[in-house]
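Below you'll find the structure, written out as structure tokens, and then a few comments.
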Amino acid sequence: MSKKAVLLINLGSPDSTSVSDVRKYLREFLMDGRVLDTPWLIRWCVVNLAILPTRPAQSAEAYEKVWTAEGSPLVVSSLRIQEELQRRLGEKTVVELAMRYQSPSIESAVTRLKDQEVTELFVFPLFPHYAMSSFETAVVRVQELAARIAPGMELKIAAPYYNDPDYIDALAASAKPYLEAPYDHLMFSFHGLPERHLRKSDPTGVHCLKTQDCCDIPCVAHETCYRAQCYATVRAFVEVLGIPAGNYSVAFQSRLGRDPWLKPYTDFELTRLAGEGIKKMLVICPAFVSDCLETLEEIAMRGQETFLEAGGEELTLIPCMNEHPRWLDALEKIVRAGLA
């Protein structure tokens, strides 16, 4: 007799704000060959000799600014989502949560599922858009560990849901109260990626980033193109809420290193728009379903500082969906369809 389960996966967080825990997290994250996609020896040297000597202390300070009494905002929100989905699905379907990096680990989740004699597992990465450094690495890690720990377990992988109507409706519903107040401009700030990641994920090898309008030209490459999927989310969102073309823009944040990343860059755009007279800025980050360091510290704190210094008057972060009821409704619907 089959026993079904759901495994939700998010990116992860340090176990605490201590420098040692942040260093441990960054080492695991940056040594992933789908994040820092260079040969192992070069990656080891860059991570251990160039990044880890100084970056953990800087990142620990940033984590301290967003840490709650319960812990990491990302992990806390993800656990609440897991608990609510478990309540909705009932006891017959096990709902587990894992982080790609650190705790709770994918290995421990797969082990618990094996111990409960789960035979069919629906894997749901909590990343709306496909990227080799988020969606792909999470899926591959589950597949590797399931093959080793529970070789008889059948896996089904949820597709990216960047344009799923229920996801878009939930995203719009969570943002609508902020859009009803007066504002000058809405910025969609997605997590950035190195441009080479898009080229590596392009199955045709001749489409992504070859022309300025490549995301507007239908192509099979869009099935694994992060940039095209981000723009698809934006188009669907503004259509649902009727936002005029001149009232919003798209940018990409969180770049690391000297290689070219997806443009335009969020911090540059905040400065430019403030200089052009934008006074009240709204920022939404649809690449994340739960608030985290990249939204709470990078945008709501540092982004606001950048915008105000450039002449803006007010920057408001539209929170991620977190445990918004419409998002939980959408998640339940997608998961039930996947289980069926």
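Things to note:
- Tally of Lys pairs whose C-alpha atoms are under 20 Å apart, taken over the stretch 4-160, 8 or more apart or cross-chain: 7
- Within the straight-line cut-off of under 16 Å between alpha carbons, the aspartates and glutamates reachable from residue 176 are 166, 184, 239, 323, sequence neighbours fewer than 8 places apart in one chain being disregarded.
- Summarising the label geometry, the points placed 7 Å from Cα in the beta-carbon direction at residue 69 and residue 240 lie 3.3 nm from one another.
- Computed 3J(HN,Hα) for the stretch 281-286, one whole-Hz value per residue from the Karplus formula 6.51 cos²θ - 1.76 cosθ + 1.60 where θ = phi - 60°, is 10, 10, 10, 10, 10, x, glycine and proline marked x.
- Put a dot 7 Å past the Cα of residue 147, heading toward its Cβ, do the same for residue 309, and the two dots end up 4.8 nm apart.
- Placing unit charges on each Cβ (+1 for Lys and Arg, -1 for Asp and Glu) gives the chain a dipole about its Cα centre, and among 240, 147, 290 the Cα reaching farthest toward its positive end belongs to 147.
- Put simply, when 192-200, 96-104 are sorted by average Cβ atoms within 10 angstrom per residue, most first, you get 96-104, 192-200.
- Packing-based order for 202-213, 13-24, using average beta carbon neighbours within 10 Å, highest first: 13-24, 202-213
- Antiparallel content of DSSP bridges confined to the chain, in %, to 5: 5 percent
- Size of charge dipole - the chain - debye, nearest 20, with Cβ of Lys, Arg +1 and Asp, Glu -1, no other charges: 820 debye
- Dipole of the stretch 1-130, positive end: most advanced residue of 40, 5, 126 [Cβ charges, Cα centre]: 40
- Computed [θ] at 222 nm, helices only, for the chain once each DSSP H run of length n ≥ 4 contributes -39500 (n - 2.57): -12500 deg cm²/dmol
- Computed across the stretch 199-284, the Kirkwood radius stands at 14.8 Å (inverse of mean 1/r, all Cα pairs).
- Backbone amide hydrogens, once placed in the peptide plane, bring residue 248 within less than 5 Å of 186, excluding anything fewer than 5 places away on its chain.
- 21 Å Cα-Cα reach of residue 210 towards lysines, excluding residues that sit fewer than 8 places from it in its own chain: 200, 263
- Distance from the C-alpha centroid of the stretch 136-196 to that of the stretch 274-312: 21 Å, rounded to the whole angstrom.
Readers should treat all values here as calculations from the given coordinates under stated rules, not as data from a laboratory. For clarity, every value in this text was computed on a predicted model and none was experimentally measured. Quick reminder, even Gly has a Cβ in these numbers, built from the backbone with ideal geometry, and neighbours come from all protein chains shown.
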